[in-house]
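*Asks:* Below are the structure tokens for one structure; questions will follow.
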Amino acid sequence: MIYIYGDSHARFSFRNLKLDYNDLHRSSITMFRIGRDGIVINYNKDIQKDDIVILSYGEVDCRCHIQRQIDLGNNEDDVINDLVCNYFNTIKQIDAKIIIVGVIPPTKQTDYETIHGPILHEFPFVGSDENRVRYTKKVNKLLEELSNINHYTYFNPYYYYERPDGTLKHELSDSIVHLGDNSFFLEKFIELYTKISV
């Protein structure tokens, strides 16, 4: 069985997946929270060794929380290293086939504001587009490195959805921060699933 955990991106990116799976995502849960609390929200204790556990977190962290920590005087690389290492410390408690999903490219702030107006509410974009792109790339690099070290599968087909400047292609988004057209994502996941489920 496939169990999908993550924030809202787990739901949007895997929407219409033509495989049996349990969607156990919880919107707005951060990678930081998973690492801090030492638990995966909604974790199913009946998971078996041969089950596939997909974890998709980090967009919220890259969109607002990393910059906030830097603004408090913390070193960028230290913040990112602590974030991802603590996350992996929690994941290590899971005894199953693990797939770590990379973080989606960040939405360009002007793309969002052109449709939804100035950001004056609880859906923050903290830091410049360039900074958020850099944070996302650094987080993804570390996710991949630690996945390899821990013998997890790293899955990141988001390159297809990335503009040359590193931001999310607006025409393939839901006009907020998620995938709208997720067909390429699903195609690549089916290819991966076929390899690892043999």
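The values are calculated or read from the model by the stated rules, or taken from the named source; none is laboratory data. For clarity, every value in this text was computed on a predicted model and none was experimentally measured. When we count neighbours, we look across all protein chains shown, and the Cβ atoms used for this are built from the backbone with ideal geometry, even at glycine.
*Asks:* Answer yes or no as to whether Ser128 is more than 18 Å from the chain's Cα centre (by Cα), within 28 Å of Asp20 (Cα to Cα), surrounded by fewer than 14 Cβ atoms within 10 Å (Cβ to Cβ) and among the small types (Gly, Ala, Ser).
*Replies:* No: the conditions fail for Ser128.
*Asks:* Related question: Scan (1) within 25 Å of Arg15 (Cα to Cα); (2) touching a residue at least 12 places away in the same chain (Cβ under 8 Å); (3) not in a loop (DSSP other than H, G, I, E, B) for the single condition Ser175 breaks and write down its number.
*Replies:* (3)
*Asks:* Checking Tyr158 against (1) in contact with a helix residue (DSSP H, G or I) (Cβ under 9 Å, 6 or more places away or on another chain); (2) in a loop (DSSP other than H, G, I, E, B); (3) at pLDDT 95 or above, which test does it fail?
*Replies:* (2)
*Asks:* Next question, about the same structure. If you go through segment 142-150 one residue at a time, do you hit one that is out of contact with any helix residue (DSSP H, G or I) (no Cβ under 8 Å at 6 or more places or on another chain), polar (S, T, N, Q), at pLDDT 95 or above and at negative phi?
*Replies:* yes
*Asks:* Between residues in segment 179-198 that are more than 19 Å from Tyr152 (Cβ to Cβ) and residues that are of a type in the set (Val, Ile, Thr), which pairs lie under 9 Å by C-beta distance while being six or more apart or on different chains?
*Replies:* Every condition considered, the pairs that remain are Leu179/Ile104.
For every residue, the table says whether it meets (1) of a type in the set (A, V, I, L, M); (2) under 18 Å from Tyr87 (Cβ atoms); (3) under 15 Å from the mean Cα position of the chain (by Cα); (4) surrounded by 22 or more Cβ atoms within 10 Å (Cβ to Cβ).
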{"site": "Arg11", "(1), (2), (3), (4)": "no, no, yes, no"}
{"site": "Leu17", "(1), (2), (3), (4)": "yes, no, no, no"}
{"site": "Thr30", "(1), (2), (3), (4)": "no, yes, yes, no"}
{"site": "Gly35", "(1), (2), (3), (4)": "no, yes, yes, no"}
{"site": "Tyr43", "(1), (2), (3), (4)": "no, yes, no, no"}
{"site": "Val53", "(1), (2), (3), (4)": "yes, yes, yes, yes"}
{"site": "Ile66", "(1), (2), (3), (4)": "yes, yes, yes, yes"}
{"site": "Asp71", "(1), (2), (3), (4)": "no, no, no, no"}
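*Asks:* Related question: Given the criterion among the aliphatic types (A, V, I, L, M) and over 25 Å from Asp51 (Cα atoms), identify the matching residue among Ile100, Ile104, Ile115.
*Replies:* Being among the aliphatic types (A, V, I, L, M) and over 25 Å from Asp51 (Cα atoms) holds for just one of Ile100, Ile104, Ile115, which is Ile115.
Let's see how each residue does on (1) within 19 Å of Gly58 (Cα to Cα); (2) under 17 Å from the mean Cα position of the chain (by Cα); (3) among the hydrophobic types (A, V, I, L, M, F, W, C):
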residue: Ile100; (1), (2), (3): yes, yes, yes
residue: Thr110; (1), (2), (3): no, no, no
residue: His116; (1), (2), (3): no, no, no
residue: Ser147; (1), (2), (3): yes, yes, no
residue: Phe155; (1), (2), (3): yes, yes, yes
residue: Ile176; (1), (2), (3): yes, yes, yes
residue: Glu187; (1), (2), (3): no, no, no
residue: Thr194; (1), (2), (3): no, no, no
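Yes/no per residue for (1) touching a Pro at 6+ places or on another chain (Cβ under 6 Å); (2) crowded, with 17+ Cβ neighbours inside 10 Å; (3) within 22 Å of Gly127 (Cβ to Cβ):
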position	(1), (2), (3)
Val139	no, yes, yes
Leu143	no, yes, yes
Tyr152	no, yes, no
Pro157	no, yes, no
Glu162	yes, yes, yes
Ser173	no, yes, yes
Ile176	no, no, yes
Phe185	yes, yes, no
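*Asks:* A further question follows. Kindly indicate whether any position in segment 80-103 is crowded, with 21+ Cβ neighbours inside 10 Å and on the phi > 0 side of the Ramachandran plot.
*Replies:* Within segment 80-103, none of the residues are crowded, with 21+ Cβ neighbours inside 10 Å and on the phi > 0 side of the Ramachandran plot.
*Asks:* Which one of these does Asp46 not meet: (1) farther than 28 Å from Pro124 by Cα; (2) touching a residue at least 24 places away in the same chain (Cβ under 8 Å)?
*Replies:* Evaluating Asp46 over (1) farther than 28 Å from Pro124 by Cα; (2) touching a residue at least 24 places away in the same chain (Cβ under 8 Å) leaves (2) as the failure.
*Asks:* Mind listing whichever residues of segment 116-132 are touching a helix residue (DSSP H, G or I) at 6+ places or on another chain (Cβ under 9 Å), on the phi < 0 side of the Ramachandran plot and not aromatic (Phe, Trp, Tyr)?
*Replies:* Answer for segment 116-132, where residues must be touching a helix residue (DSSP H, G or I) at 6+ places or on another chain (Cβ under 9 Å), on the phi < 0 side of the Ramachandran plot and not aromatic (Phe, Trp, Tyr): Ile119, Pro124, Val126, Ser128, Asp129, Asn131, Arg132.
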